[in-house]
Structures are given as C-alpha cells and as structure tokens.
Amino acid sequence: MQRRSFIKLCTAFAAGIAARPQLLAAAEGPVQERQRVRLVDVAGRPLIPDNLEVGRNYLFHYPYRGTPCFLIRLPFDTVKAGIELKTEDGTSYRWRGGVGEGGQVVAFSAICSHLMTHPTKKIAFIHHYHGKASGLAGRTDVIACCAHGSVFDPAAGGKVIAGPAPQPLTAILLEQDEAGVIHAVGTQGADFYHQFLRTFKRELRKEFGRGVADDPVEGDARVRALDRYSRKIIDC
C-alpha cells in the first residue's frame, strides 16, 4: 500500500471512530460500563497508585457488594495492555490494561473462572503471588487458585496459563481522576456475576447478611489487604 493511501485509510478510520465511538467499544470486546466507584483505604482515604505496595494482595468488592476483586500493583514495565483474549464462548476482546505509571495497577474479579472459587472472610484459595513462586506455575507474579489448580497472568489481562479454567479472569476497568484517585468504572470479559450470586446465595447471605450481596456498590469501595480480610490464605 502506498504511503498516501495508508494515510487516507488511517484518517478515514479515525473519522469513523469519532462519528461512531461504538466501533471502538466493539474492537475492545465485551465491555460492561457499570457504576463509577471511588476506591478508598480502610480509613476512607482516596487511593492513588503510590499508596499500594508492589505485589501485595488487595481486595475490594465491585460491582456488587458480594463480588470480590483483586487490586494489584504489578512490577513496573510488565503489563501487556492491548493483549487479545477470548471468553469461553469465543468472544474476542483486547484488555485495556491498568492505571498509574506503565499501567501497573490492575484489577480483576477474584472469582475463579473455573468453578467460581473466591476469597471469603474465613479462607482464600485464590490469590496473587509476588516475591515467591507459585508451585503450580513455577513462577512468581501470577494469580493461582489452589482449589483446582488454575493459574492466571495478571500482567496479560488475567489470561489462563495453566489448569482447567476455561477463560480469563474478568477484568475490572480502572480510571484515575484529576487528583490521581483510582475509580472502578466497569468490567471487561465474561459476565457471570448473576450466576455467582445465585450459586452462592446461601453462603453470601451468611457472610454479608440477607439481601446485601447483590446490591450494587455505590459511592466508595473499601480496599484492604487480603490478609486483613481472609483469616487463612492457602498457598500452592
């Protein structure tokens, strides 16, 4: 293709996106815009990326009060934003990546995409490894689920790298405001929240109270270290 023709093609594509922004959303794949929620620490102070320790497991709940998510600050220059992934039904999407310098602050549903294992106040079979290798993966900086052996790469959009999980972890879309404060604004990937809430209705009622778990999170979402939420964390 000649340079002039290529420039014309790029200009036409940009004009098409400006006129029909839904084309960009289609290229990104299954993006669910949800309520905009500010992330705060346990004292209610707004979170910015520098508040987070690299590699530490943080937990918050979004988009519902009973659906847990991981917030992770990955090592700098490791995030592969734009990687193409597929849901179990074959739908392709490109992961947006994270926020902060190099997009290193990322978030994912903490619900395993295999059989929906998730952290509870009693125990966490699934978590992120940093500074020590997961025995299942033979490497560090992965999310491993010890219930059935699935391993995910948080630097590659929650991509499955081992085990029976049929699709990536659902990504939580993050944005920063003018002050650098982190907000959760939606999800990208498989949407199985209603299935999760139905399947674990009894357990979630015990943990959160009657009629609480399926309420959408509004306003602020409190972020805490996983070891301050789950009394026991299982390694594998």
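The values are calculated or read from the model by the stated rules, or taken from the named source; none is laboratory data. None of these values were measured; they are calculated from a predicted model. Positions of Cβ are backbone-derived with ideal geometry, glycine not excepted, and every protein chain shown enters the neighbour counts. The area values use the complete protein model at the heavy-atom level, side chains included, leaving out ligands, DNA and RNA. Shrake-Rupley method; radii C 1.70, N 1.55, O 1.52, S 1.80 Å.
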Taking Lys and Arg as +1 and Asp and Glu as -1, residues besides residue 133 with C-beta under 11 Å from its C-beta add up to 0
The chain: relative contact order from alpha carbon pairs under 8 Å, six or more residues apart, as a whole percent, is 27 percent
Between the Cα axis of helix 3-19 and the main Cα principal axis of the chain, the angle (0 to 90°, nearest 10) is 50 degrees
Averaged per residue, the 1.4 Å probe accessible area of the chain, protein heavy atoms only, in Å², is roughly 51 Å²
Here D for segment 53-110, in µm²/s, from Stokes-Einstein with a Kirkwood Rh over Cα pairs at 25 °C and 0.890 mPa s, works out to 196 µm²/s
The base-10 log of I(q)/I(0) that the Debye equation returns for segment 124-236 at q = 0.18 Å⁻¹, one scatterer per C-alpha, is -1.22
Under the 7 Å Cα-to-Cβ spin-label approximation, residue 224 and residue 197 lie apart by a distance in nanometres of 2.3 nm
Kirkwood radius from Cα pairs of segment 68-183 plugged into Stokes-Einstein at 37 °C, 0.692 mPa s, gives D in µm²/s equal to 229 µm²/s
With all protein chains present, the chain has a carbon and sulfur share of its accessible area (1.4 Å probe) in percent of 50 percent
Of all C-alpha pairs within the chain, those more than 27 angstrom apart amount in percent to 33 percent
Volume per residue (Å³) of the convex hull spanned by the alpha carbons of segment 175-236 is 164 Å³
Looking only at lysines whose Cα falls under 27 Å of residue 232's and that sit 8 or more positions away or on another chain, we get 121, 122, 132, 159, 201, 206
Measuring from its Cα centre, the chain shows a charge dipole (+1 at each Lys and Arg Cβ, -1 at each Asp and Glu Cβ) which, in debye to the nearest 20, is 360 debye
Note, residue 161: beta-carbon cut-off 12 Å, +1 each Lys/Arg, -1 each Asp/Glu, net 0
Asserting the computed 222 nm helical MRE of the chain (DSSP H runs at least 4 long, -39500 (n - 2.57) per run, divided by residue count, to nearest 500) equals -5000 deg cm²/dmol
